[in-house]
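Trainee: Got a structure for you, questions after.
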Amino acid sequence: MELLQKLENQPVKPNVVMYNTVVDGSCEDGLVNEAEKLFSKMIAMGISPDVVSYNSLIHGFCCASQLEEATRLLNEMFKSNIKPNIYTFNIFIDALCKEGRAAEAQKMFDMLLERGHKPSVVTYSSLIDGYFLVNKVNEAARLFNKMIKAGLAPSVQSYNIMINGYCKNKMVDQAITLFKEMRCKSLVPDVVTYSTIIDGLCKSGRISFVQELLVEMHQSGQPPNLVTYCILLNALCKIQHLDEPPNFEHLLVNNYCLDVVTYNIMISGLAKEGLIDDAMILFSKMKLNDCLPDTVSYEIIIRSLLARNKNEQAVKVLREMISKGLLMNDINKDSKFMTPCEVGQILEWVTRSSTQTKSAN
């Protein structure tokens with residue numbers, strides 16, 4: 001940006017390519033307001049923006065969840081007789097789908113066709129994902145087949161979207177069919193593909209099929225990552241098979257950088273098995289391993305202690321949670337986590353129970 005300002009005072013003035021580079025870079029850094037100012041300055045200096053200029057700024061606004069501003073720029077393009085290209089439409093379709101506005105994304109897709117553009121694999125994949133997000137499974141499947149009939153070869157990401165969508169809708173058999181289809185087409189499933197299938201199998205009670213996939217992952221050069229292991233840990237905890245590999249110790253020995261999600265899965269599993277002391281030890285280890293407990297961590301421990309009438313310990317942990325500012329706000333009415341109102345009720349209940357116990361003695 002400083003270099004651009006210096007060039008503005010030189011005999012050789014910056015051109016649209018130079019401005020586009022800086023506008024795009026600013027948007028990539030999340031500085032969309034600064035990018036817009038530069039965009040306006042470019043116009044003020046008599047440099048006409050092109051489709052690349054608009055695409056960069058539109059993408060910046062979409063990433064910042066400012067679709068109204070992005071739409072304003074699209075309309076400005078039409079008025080200025082600057083034709084949107086496939087990338088312009090892809091940006092809008094992807095942004096609309098991510099906001100759960102699949103119907104509007106479909107209209108943008110139709111507009112793309114009307115203007116003579118050919119949808120790419122990226123275009124189809126974004127819209128397919130959008131339909132899955134609003135639980136329109138049949139529409140997503142229809143679009144996937146339409147893409148293939150149009151002569152486009154689905155990418156690994158396209159298959160990942162379909163497989164994830166099917167698994168989320170408990171259609172694991174359809175997901176497995178696509179997984180096998182990938183390999184028939186010489187597409188190499190990546191760690192996301194495998195992790196998604198493993199998650200689907202675990203949630204459908206078919207964990208016995210997972211070991212074969214883990215071996216296959218290593219053989220195909222796609223070793224399981226922390227996400228894969230978290231999925232497995234969660235499944236093993238639910239069926240109370242905490243000692244089976246890959247367990248928590250396996251992850252520690254193999255030097256995985258464990259995150260709060262991994263710890264929470266194991267703490268929850270231990271608590272459900274009634275091993276509250278082990279859960280407390282792991283809870284303490286989190287802090288020693290530079291992994292700070294979050295609201296979920298505290299929630300699991302507090303509820304487990306209360307369920308076993310370890311009220312004093314529960315209150316101690318609860319007060320620690322409050323002191324760290326991890327209490328949920330009253331705004332989150334639908335949250336499953338503790339609200340200030342619920343915390344007040346717990347403290348009142350524990351105090352009343354302690355008073356009654358002392359009176360009885």
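The values are calculated or read from the model by the stated rules, or taken from the named source; none is laboratory data. Model, not experiment: these values are computed from the prediction. In this analysis, Cβ positions are derived from the backbone assuming ideal geometry, glycine residues included, and neighbour counts consider all displayed protein chains.
Trainee: All but one of (1) of a type in the set (Val, Ile, Thr); (2) part of a helix (DSSP H, G or I); (3) surrounded by 16 or more Cβ atoms within 10 Å (Cβ to Cβ) hold for residue 43; state the number of the condition that does not hold.
Mentor: Failed condition: (3).
Trainee: Could you check how many residues of segment 316-347 are β-branched (Val, Ile, Thr), under 22 Å from residue 280 (Cα atoms) and either modelled with pLDDT under 85 or outside any helix (DSSP H, G or I) (or both)?
Mentor: Residues meeting the conditions: 3.
Trainee: Return yes or no: is residue 150 in contact with a Gly (Cβ under 7 Å, 6 or more places away or on another chain), in contact (Cβ under 8 Å) with a residue 12 or more places away in the chain and of a type in the set (A, V, I, L, M)?
Mentor: no
Trainee: Can you confirm whether segment 70-86 contains a residue that is touching a His at 6+ places or on another chain (Cβ under 9 Å) and surrounded by fewer than 19 Cβ atoms within 10 Å (Cβ to Cβ)?
Mentor: Yes, segment 70-86 contains a residue that is touching a His at 6+ places or on another chain (Cβ under 9 Å) and surrounded by fewer than 19 Cβ atoms within 10 Å (Cβ to Cβ).
Trainee: Go through the residues of segment 77-91 one by one and say whether even a single one is in contact with a Ser or Thr (Cβ under 8 Å, 6 or more places away or on another chain), part of a helix (DSSP H, G or I), farther than 24 Å from residue 149 by Cα and not small (Gly, Ala, Ser).
Mentor: yes
Conditions tested, residue by residue: (1) under 20 Å from residue 231 (Cα atoms); (2) surrounded by fewer than 16 Cβ atoms within 10 Å (Cβ to Cβ); (3) within 27 Å of the chain's Cα centre (by Cα).
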site	(1), (2), (3)
264	yes, no, yes
269	yes, no, yes
284	no, yes, no
299	no, no, yes
305	no, no, no
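Residues are listed down the side, and each one gets a yes or a no for (1) among the β-branched types (Val, Ile, Thr); (2) part of a helix (DSSP H, G or I); (3) under 30 Å from residue 172 (Cβ atoms); (4) modelled with pLDDT of 85 or more:
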site: 212; (1), (2), (3), (4): no, yes, yes, yes
site: 218; (1), (2), (3), (4): no, yes, yes, yes
site: 229; (1), (2), (3), (4): no, yes, yes, no
site: 236; (1), (2), (3), (4): no, yes, yes, no
site: 242; (1), (2), (3), (4): no, no, yes, no
site: 249; (1), (2), (3), (4): no, yes, yes, no
site: 252; (1), (2), (3), (4): no, yes, no, no
site: 292; (1), (2), (3), (4): no, no, no, yes
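Trainee: Looking at 161, 176, can you tell me which residue is hydrophobic (A, V, I, L, M, F, W, C), assigned to a helix (DSSP H, G or I) and touching a Ser or Thr at 6+ places or on another chain (Cβ under 7 Å)?
Mentor: It is 161.
Trainee: Read through the list (1) surrounded by fewer than 16 Cβ atoms within 10 Å (Cβ to Cβ); (2) modelled with pLDDT of 90 or more, then give the number of the only condition that residue 53 fails.
Mentor: (1)
Trainee: Within segment 148-161, does at least one residue satisfy the condition of being of a type in the set (Val, Ile, Thr), at pLDDT 95 or above, under 17 Å from residue 127 (Cα atoms) and more than 23 Å from the chain's Cα centre (by Cα)?
Mentor: yes
Trainee: Follow-up question, since we're still on this one. If you check residue 67 against the conditions, is it modelled with pLDDT of 90 or more and under 25 Å from the mean Cα position of the chain (by Cα)?
Mentor: Judged against the criteria, residue 67 is a match.
Trainee: Please verify whether residue 189 is at negative phi, loosely packed, with under 14 Cβ neighbours inside 10 Å and assigned to a loop (DSSP other than H, G, I, E, B), treating the condition exactly as stated.
Mentor: Spelling it out, it is not the case that residue 189 is at negative phi, loosely packed, with under 14 Cβ neighbours inside 10 Å and assigned to a loop (DSSP other than H, G, I, E, B).
Trainee: Only one residue in 56, 65 is within 23 Å of residue 97 (Cα to Cα) and not in a helix (DSSP H, G or I), so which one is that?
Mentor: 65
Trainee: Can you report the number of residues in segment 99-147 which are touching a residue at least 12 places away in the same chain (Cβ under 8 Å), among the polar types (S, T, N, Q) and closer than 16 Å to residue 163 by Cα?
Mentor: Residues meeting the conditions: 3.
Residue-by-condition table, conditions (1) under 19 Å from residue 154 (Cβ atoms); (2) surrounded by 18 or more Cβ atoms within 10 Å (Cβ to Cβ); (3) touching a helix residue (DSSP H, G or I) at 6+ places or on another chain (Cβ under 7 Å); (4) not β-branched (Val, Ile, Thr):
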| site | (1), (2), (3), (4) |
| --- | --- |
| 194 | yes, yes, yes, yes |
| 198 | no, yes, yes, no |
| 202 | no, yes, yes, yes |
| 217 | no, yes, yes, yes |
